[in-house]
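Enquirer: Sharing a structure below in structure tokens format, with a few things to ask.
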Amino acid sequence: MTDNIKSLFPAFSKALLEDIESNAVFQTVHSGDVIMRTGQYIKSTVLVLSGTIKIYREDDNGGEFFMYYLQPGQACAISMICATKSEKSQIMAKVVEDAELMMVPLPLMDKWMMQHRTWYEFVIDTYRSRFEEVLEVIDSIAFRAMDERLDFYLKRHQQALGTNDLKLSHQDIASELNTSREVVSRLLKKMEQRQLLRLHRNHIELLK
């Protein structure tokens, strides 16, 4: 396990890796599992060792707003913030692909921030990268038309998942872009006519 952690988090010091091996909690989760819910108190932060986790917001009517994916070697910045401040979660986290997680309890997070420079730098870098990603999403909503938002949304999924074959339904996309299924279907059809993608029954194949 240590070798895998070291390869995913190469900046971690030897002392930090030893602390992780002795104290962190490892968990296997499966596709479809919800590992973090709105209103839940977060007692540990989540680092991904394998698989994919989707981070999103959910409104009172069950609508979803996609924020970002967590991939191997990444951590959830929002869970870090909520854990350190003992606040309730404002986001949902769902397993997209079976995953191995490393859970770091709150007391360890505080301790490691003071004891391990490499952990401190990792936490700060996680905050920074996620903040920049959320800013991109805000810019997309505030300054782009729906066709541009759809293109941005698809490319984010393509880059995060490392594939051109996106298993997304038109309703999934509509929910996460806070628009109607009819609008999404119409725009996807136009993109297909421009040979930017190919529509299939339960997935979308990006061509560019």
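Enquirer: With springs only between Cα atoms under 10 Å, which of 173, 91, 35 fluctuates most in a Gaussian network model of the chain?
Expert: 35
Enquirer: Work out the length of the dipole vector of region 90-208 about its Cα centre, built from +1 on the beta-carbon of each Lys and Arg and -1 on the beta-carbon of each Asp and Glu, and round it to the nearest 20 debye.
Expert: The calculation lands at about 400 debye.
Enquirer: Determine the dipole magnitude for region 47-154: charges of +1 sit on the beta-carbon of Lys and Arg, -1 on that of Asp and Glu, nothing else is charged, the reference point is the Cα centre, and the result goes in debye to the nearest 20.
Expert: Roughly 480 debye, rounded to the nearest 20.
Enquirer: Have a look at 20, 63, 116 and report the one farthest towards the positive end of the charge dipole of region 5-118, computed about the Cα centre with Cβ charges (Lys/Arg +1, Asp/Glu -1).
Expert: 116
Enquirer: So what is the relative contact order of region 5-148, in percent, for Cα pairs below 8 Å that sit 6 or more residues apart?
Expert: It rounds to 31 percent for region 5-148.
Enquirer: Follow-up. For the chain, what number results from the quotient of the Cα radius of gyration and 2.2 N^0.38 Å?
Expert: Its radius of gyration relative to the 2.2 N^0.38 Å reference: 1.10.
Enquirer: Let me ask something else. Pull out the extension gain between residue 159 and residue 134, defined as 0.36 nm times the separation in residues minus the alpha carbon to alpha carbon distance; nm, one decimal.
Expert: 7.5 nm
Enquirer: Along the charge dipole of region 7-54, which of 32, 11, 52 sits closest to the positive end, that is, farthest toward it, with unit charges on the beta carbon of Lys, Arg, Asp and Glu (+1, +1, -1, -1)?
Expert: 32
Enquirer: Kindly provide the trypsin sites (Lys or Arg not before Pro) of region 1-61 that DSSP labels as loop, not H, G, I, E or B, and whose Cβ sees at most 14 other Cβ atoms within 10 Å.
Expert: 37, 43
Enquirer: Same structure, new question: If one takes the longest principal axis of the Cα atoms in the chain, at what angle in degrees, from 0 to 90 and to the nearest 10, does the Cα axis of helix 14-23 lie?
Expert: 90
Enquirer: Further question on the same structure: In vacuo Debye scattering of region 1-69, one point per C-alpha: log10 I(q)/I(0) at q = 0.15, 0.17, 0.26, 0.29 Å⁻¹?
Expert: -0.66, -0.79, -1.29, -1.43
Enquirer: Identify which of 147, 139, 98 has the largest mean-square fluctuation in a Gaussian network model of the chain, with springs joining Cα atoms closer than 10 Å.
Expert: 139
Enquirer: Estimate the FRET efficiency between residue 171 and residue 40 by the formula 1/(1 + (r/R0)^6), using the beta-carbon distance for r and 30 Å for R0, to the nearest 0.05.
Expert: Calculated value: 0.70.
Enquirer: Which value, in debye to the nearest 20, gives the size of the charge dipole of the chain about its Cα centre, when Lys and Arg are +1 and Asp and Glu are -1 at the Cβ?
Expert: Dipole about the Cα centre, nearest 20: 400 debye.
Laboratory data are not the source of any read-out in this text; all were calculated from the coordinates shown. The model shown is predicted, which means the values in this text are computed figures rather than measured ones. Using ideal geometry, Cβ is built from the backbone for each residue, glycine included, and neighbour counts are taken over all protein chains shown.
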